[in-house]
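Take a look at the structure below.
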Amino acid sequence: MYKKIIMGCLMALCALSANAQFEAGKFYTNLSTTGLGLSYSKNDKLRFDVGATAGIFVANDWLIFAQADYNHKRLMYSRLGNRKVHQDEVLLGIGGRYYIEQNGIYLSLAAQYCHHEQSNDNLFFTPEIGYAFFINQYLTIEPAVYYQMSVNNFADASTVGLKLGVGFYF
């Protein structure tokens with residue numbers, strides 16, 4: 001009997017501390033990576049992405065953010081022939097995120113401008129669904145699934161993948 005009451009109180013305290021982090025006026029930062037082989041694109045043989053995100057809660061549960069990503073990939077083919085080519089790209093973007101307070105799941109949508117080192121630039125729209133797992137009152141581990149939709153070359157340049165981030169709410 002007492003165990004159930006204690007567990008219920010502990011769960012309520014965890015939920016209250018997580019909900020307090022999604023209030024208007026709070027700030028958010030995140031560092032994330034897709035790691036090696038955690039994304040798929042028709043053109044990519046190998047891809048490694050790292051990114052940084054910073055934002056502010058404009059209303060309870062609503063985050064507006066800016067992000068910068070760096071991607072290094074090895075392509076399956078190139079326009080110059082059948083040899084493997086390495087390509088670096090820098091992405092800058094803005095977006096919004098909505099948190100479902102009851103369970104820590106978030107829904108996100110971002111628009112990103114991508115500058116390619118060796119080919120045409122691109123524009124991406126990236127819907128994402130993830131989970132904010134609170135380690136303590138401020139720090140989270142955030143796994144997410146994303147789909148990076150290319151505007152310029154939908155069939156070949158779009159990417160689906162998993163990413164893992166570490167977030168800080170203050």
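The values are calculated or read from the model by the stated rules, or taken from the named source; none is laboratory data. Only a predicted model underlies this, so the values are computations on that prediction, with no experimental measurement involved. Neighbour counts are summed over all protein chains in view; Cβ atoms, including those assigned to glycine, are modelled from backbone coordinates with ideal geometry.
Structure values in brief
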quantity	calculated
Complete set of residues in the range 42-89 that are at pLDDT below 75, surrounded by fewer than 15 Cβ atoms within 10 Å (Cβ to Cβ) and either among the acidic types (Asp, Glu) or on the phi > 0 side of the Ramachandran plot (or both)	Gly81
Residue selected from the range 90-110 under the condition under 12 Å from the mean Cα position of the chain (by Cα) and small (Gly, Ala, Ser), by the criterion surrounded by the fewest Cβ atoms within 10 Å (Cβ to Cβ)	Gly96
Subset of the range 141-165 [under 20 Å from Ser32 (Cβ atoms) and either aromatic (Phe, Trp, Tyr) or out of contact with any Phe, Trp or Tyr (no Cβ under 9 Å at 6 or more places or on another chain) (or both)]	Val145, Tyr146, Tyr147, Leu164, Gly165
In the range 107-143, the residues that are in a loop (DSSP other than H, G, I, E, B) and more than 17 Å from Gln21 (Cα to Cα)	Glu117, Gln118, Ser119, Asn120, Asp121
Filter result (farther than 18 Å from Gln87 by Cα and of a type in the set (Val, Ile, Thr)) within the range 108-159	Thr126, Ile129, Ile135, Thr140, Ile141, Val145, Val151
Count of the range 109-122 residues which are closer than 20 Å to Arg47 by Cβ and at pLDDT 95 or above	3
Some residue of the range 24-36 being among the small types (Gly, Ala, Ser), buried (at least 19 other Cβ atoms within 10 Å of the Cβ) and either within 20 Å of Ser119 (Cβ to Cβ) or modelled with pLDDT under 95 (or both)	yes
Any hit, the range 152-169, residues being among the aliphatic types (A, V, I, L, M) and closer than 22 Å to Gln21 by Cβ	yes
Within the range 87-116, tally of residues that are closer than 16 Å to Val58 by Cβ and touching a His at 6+ places or on another chain (Cβ under 7 Å)	0
Positions within the range 111-154 being charged (D, E, K, R) and surrounded by 13 or more Cβ atoms within 10 Å (Cβ to Cβ), in sequence order	Glu128, Glu142
